[in-house]
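The values are calculated or read from the model by the stated rules, or taken from the named source; none is laboratory data. Remember, predicted model here, so these are calculated numbers, not experimental data. Neighbour counts are summed over all protein chains in view; Cβ atoms, including those assigned to glycine, are modelled from backbone coordinates with ideal geometry. Areas reflect the complete protein model, heavy atoms only, side chains present, ligands, DNA and RNA absent. Shrake-Rupley method; radii C 1.70, N 1.55, O 1.52, S 1.80 Å.
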Amino acid sequence: MNSEKSTQLLPSADHFSVLLSPTPRGARLARLLATDWMRDRDLPHRVAEAAEHLVAELAANAATHGRLPGRDFRLVLLARGAVLRIEVTDTRGEDLPRRSRPAPDSESGRGLLLVEVLADRWGVKLGPVPRKTVWAELDLPQA
């Protein structure tokens, strides 16, 4: 008989967290993992679709603007009560996100505009140094 005790923590149904490489591949993986996590929770399609876009944008920003060699970014998904919260933490706390007005024919620079349109709330939390966390929240429909 095996009498070993396990101290393994079971994953929380309302919480997901993963470290990813700050590369385009890491950003794509963030979106794919988030999509699977939301599908497992049977979130409403409208919320899941908006969340996928938010994760894609925040992860791409972390991989592009928050990239430091050898330092990963963290994706966190939290479903608490009537809110889905998405957090992406990188190690470039001195480089805060800022909206810009790209030229009409520009192929980039609209990411934070998308975040602003899709999220019910969003913001930036600094720390601990050298980190920053960009977060977005989506309200979940009442059951």
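Brief remarks follow.
- With an a/c value of 1.5 or above and a/b not larger than b/c for the gyration tensor axes a ≥ b ≥ c computed over the alpha-carbon atoms, the stretch 69-139 is described as oblate.
- What a 1.4 Å probe finds exposed on the stretch 14-89 is 51% carbon and sulfur by accessible area, rounded to a whole percent.
- Qualifying trypsin sites (Lys or Arg not before Pro) in the stretch 56-101, DSSP loop, other Cβ atoms within 10 Å at most 16: Arg98, Arg99
- The residues of the chain expose on average 65 square angstrom of accessible surface per residue, using a 1.4 Å probe on protein heavy atoms.
- Mean separation of Cα contacts under 8 Å, 6 or more apart, over the residue count of the chain: relative contact order %: 24
- Extension gain from Thr35 to His65, taking 0.36 nm per residue of separation minus the Cα-Cα distance: 8.5 nm
- Length added when fully stretched, Gln142-Asp42, from 0.36 nm per residue minus Cα-Cα: 34.6 nm
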